[in-house]
Amino acid sequence: MSLEKSTIIRKKDLSLLERLYIPEIVKGMTLTIRQMFTPTFTTQYPEERFQPPASFRGRPVLVEEHGVERCVACGLCSRVCPALAIEVQAGETELGKERYPEKFEINMIRCIFCGFCEEVCPEEAIIMSQEYELAFTNPQDALFGKDKLLVPIEKVQTRLDFLRSNR
Amino acid sequence: MNIIEPLIKIALVLLINLTTVAYLVYAERRVSAFIQNRVGPNRVGPMGLLQPVADIVKLFFKEDIVPTAANKFVHSLAPLISLIVALSTFAVIPFGNTIHLFGHDFKLMIADVNVGLLYLLALSSLGVYGITLSGWSSNNKYSLLGGLRSSAQMISYELSMGLSIIGVLMISSSLQLDKIVVHQGNYLMGFIPKWNIFLQPLGCITFVVAYFAETNRLPFDLPEAEPELVGGYHTEYSGMKFGLFFLAEYANMITASAVITTLYLGGWQFPFIENFGFSPLAVSLLQVAAFGVKIALVLLFFIIVRWTIPRFRYDQLMNIGWKVMLPLAILNIIITGFFILL
Ligand code: SF4
Ligand code: SF4
């Protein structure tokens, strides 16, 4: 829209009562006072925790099925990651899938929780979990290797179901 | 002359005043939180009641930064002026009727000045020096703008404030504050307490609005308007000097509510208390309590107004001051004079 077109609309025909200003202030104040008695929205964080819905994008995790990761180390997630947070090094395995990630590392300081890795993965092997408590005291702690990334499939079933229902 | 008595009174009033200031800050944060459907400070101590202590300790441990280009002397003087003025206004406020204890009569006010009302007006306008000087001495354009706004605002609102007080003066024909309070002890038509708010509602409204501008509270907090002026006059202040401005603002609020209570809400008058047959001492104490409750309600009003009404634009502020408030205050004098003549 051009600047000329967006004119400011002022209500000119205020009634006398409105122009007196005081009744309007009283109206506003009754609203504020009424608000004081409505329930609060605050979550008392350390005691109460927010339980995110399945659509929530928490930290990305690797799905572990029958004791091994689903990942086939194709490297697509690493390629698509806009923050360059993922490092995958492939290795060979005797299993049917033939390849597995020897090293899989996500730098949680870099990750921006965009979910591209999850979207691009052909094996549904990397998905966004519901974990959001990620605070580190030094950068080394933020490098999540396979030990921290692997999560049994049962724990992320809600997210998997959500993904299926939206495919 | 007895010097112990005023000293004790000063100590007591200061103590109560400063504690109230601390808890007023807490109350403001808590009430604003409730208004915005939040919880507010609730971690330090039970229900967050120790929050003011934590705040003050924090302010004491903050680094005190004075800008190199600032005028150092005035820069440290300004917060002191603000606070001293805010606290000393309370000296002439009567917070209770004369009380009879241990064979003595104690007047429940620090200084029974016979021109109390003038003293009050004089001091409350002095407070603006603190703000203007802090704005000037910081050598910062935003601070300076805040200070200038404050002085311009003061000039425009002092007039209508003084003029609305004249109505009260005409009714009670005294400048002495406790006389004004005593004068509000009767009843209108037998059941309405003869408070000045009922006698001159117009004057009360103009006075309250002017006093809001005087204390720099929203909707008239242009000297520190955060969205435009960073922090306004106290942009360059930190540590306890900033704390002093903070204290001064809230002390001013308490004084303002005490003044509004005294002039318009009947001061320490407790309506119909003479009908219950309490002992004189109990009556006096109840009257002091009534004064406290009235102040608390006015303070609550201050807080709720702050979270209801948005800040005025500067030209609107000036418009209201000169084109609305001033004529209204004069009209109030004319009406009052008319009724006195009748
Ligand atoms: S896209 Fe999926 S399968 Fe490919 S490397 Fe990443 S996690 Fe493994
Ligand atoms: S969520 Fe986005 S930023 Fe994080 S690892 Fe996946 S692709 Fe990279």
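Looking at the square roots a ≥ b ≥ c of the eigenvalues of the Cα gyration tensor of the range B:205-342, which shape do they give, rounded for a/c under 1.5, prolate if a/b is larger than b/c, or oblate? Oblate. Placing R0 at 45 angstrom, the Cβ-Cβ distance between B:Ala69 and B:Ser279 gives a FRET efficiency of 0.10 after rounding to 0.05.
In this label model, B:Val288 and A:Thr38 are separated by 4.2 nm, measuring between points 7 Å along each Cα→Cβ vector. Among the listed pairs A:Lys27/B:Lys179; A:Lys97/A:Lys148; B:Lys107/B:Lys194, those with a Cα-Cα distance over 32 Å are A:Lys27/B:Lys179. The mean number of Cβ atoms from other chains found within 10 Å of a Cβ in peptide B:28-34 is 2, as a whole number.
Computed on protein heavy atoms with a 1.4 Å probe, the accessible areas place A:Arg70, A:Arg34 in the order A:Arg34, A:Arg70, largest first.
With the cut-off at 1.5 for a/c, could you classify the range A:53-107 from its C-alpha gyration tensor as rounded, prolate or oblate? Oblate is the answer for the range A:53-107, as a/c is 1.5 or above yet b/c matches or exceeds a/b. When the Gaussian network model of chain B links Cα atoms closer than 10 Å, the mean-square fluctuations of B:Ser151, B:Ser164, B:Ser257 top out at B:Ser151. Under a 5 Å amide H cut-off, with hydrogens placed 1.01 Å from N, B:Gly96 pairs with B:Leu108 among residues at least 5 apart or on other chains.
Mean separation of Cα pairs under 8 Å and 6+ residues apart, divided by the residue count of chain A: what relative contact order is that in percent?
25
These residues, B:His75, A:His66, B:His183, B:His234, go from largest to smallest accessible area, 1.4 Å probe, as A:His66, B:His183, B:His234, B:His75. In this Cβ point-charge picture (+1 for Lys and Arg, -1 for Asp and Glu), chain B has a dipole of about 460 debye about its Cα centre. Reducing the range B:276-342 and the range B:27-49 to their Cα centroids gives an inter-centroid distance of 27 Å. Here's the picture: charge each Lys and Arg Cβ at +1 and each Asp and Glu Cβ at -1 in the range B:190-304, and of B:Phe242, B:Ile192, B:Gly231 the one pushed furthest to the positive end of that dipole is B:Ile192. If you run the Gaussian network model on chain B, springs between alpha carbon atoms under 10 Å, then out of B:Gly185, B:Gly167, B:Gly135 the most flexible one is B:Gly185. Axis of helix B:141-172 versus longest Cα principal axis of chain B: the two differ by about 0°, to the nearest ten degrees. For chain B, the relative contact order is 24 percent, taking Cα pairs closer than 8 Å that sit 6 or more residues apart in sequence and dividing their mean separation by the residue count.
The HN-Hα couplings worked out from phi for the range B:311-324 by the Karplus form 6.51 cos²θ - 1.76 cosθ + 1.60 (θ = phi - 60°) are 5, 6, 6, 5, 5, 5, 4, 5, 4, 5, x, 8, 8, 10 Hz, whole numbers, x standing for Gly and Pro. With a simple spin-label model that places each label point 7 Å from the Cα along the Cα-to-Cβ direction, the separation between B:Ile192 and A:Ile109 comes to 7.1 nm.
Partners of B:Lys241 within straight-line reach, counting lysines whose Cα lies under 23 Å from its Cα and excluding those fewer than 8 residues away in the same chain: B:Lys58, B:Lys62, B:Lys72, B:Lys141. The string of couplings for the range B:16-26 from the Karplus curve (6.51, -1.76, 1.60, θ = phi - 60°) is 5, 4, 5, 5, 4, 4, 4, 7, 5, 4, 4 Hz, one whole number per residue in order, with x for Gly and Pro. Working from Cα positions, state the angle (0 to 90°, nearest 10) between the long axis of helix A:22-35 and the longest principal axis of chain A. Value to nearest ten degrees: 30. Here the label points at B:Phe61 and A:Arg19, each 7 Å from Cα along the C-beta direction, are separated by 5.8 nm in the simple model.
On C-alpha positions alone, give me the angle between the axis of helix B:280-306 and the longest principal axis of chain B, in degrees, nearest 10. Between helix and principal axis, roughly 40 degrees. Averaging the Cα positions of each part gives two centres, and for the range B:198-224 and the range B:122-140 these lie 19 Å apart.
With 0.36 nm allotted per residue and the present C-alpha distance subtracted, the A:Tyr132-A:Leu160 stretch has 8.3 nm of extension available. Springs join every pair of Cα atoms under 10 Å in this Gaussian network model of chain B, and among B:Leu169, B:Leu101, B:Leu199 the largest mean-square fluctuation is at B:Leu101. When all protein chains stay in place and ligands, DNA and RNA are ignored, the 1.4 Å accessible-area order of A:Glu105, A:Glu92, B:Glu63, largest first, is A:Glu92, B:Glu63, A:Glu105.
Each part gets one Cα centre, and for the range A:109-144 versus the range B:252-266 those centres are 59 Å apart.
The values are calculated or read from the model by the stated rules, or taken from the named source; none is laboratory data. Quick caveat: nothing in here was measured; it's all calculated off a predicted structure. Heads up, the Cβs are rebuilt from the backbone with ideal geometry, glycines too, and the neighbour counts pull from every protein chain shown. To get the accessible areas, we keep the full protein, side chains included, count just its heavy atoms, and leave off ligands, DNA and RNA. Shrake-Rupley method; radii C 1.70, N 1.55, O 1.52, S 1.80 Å.
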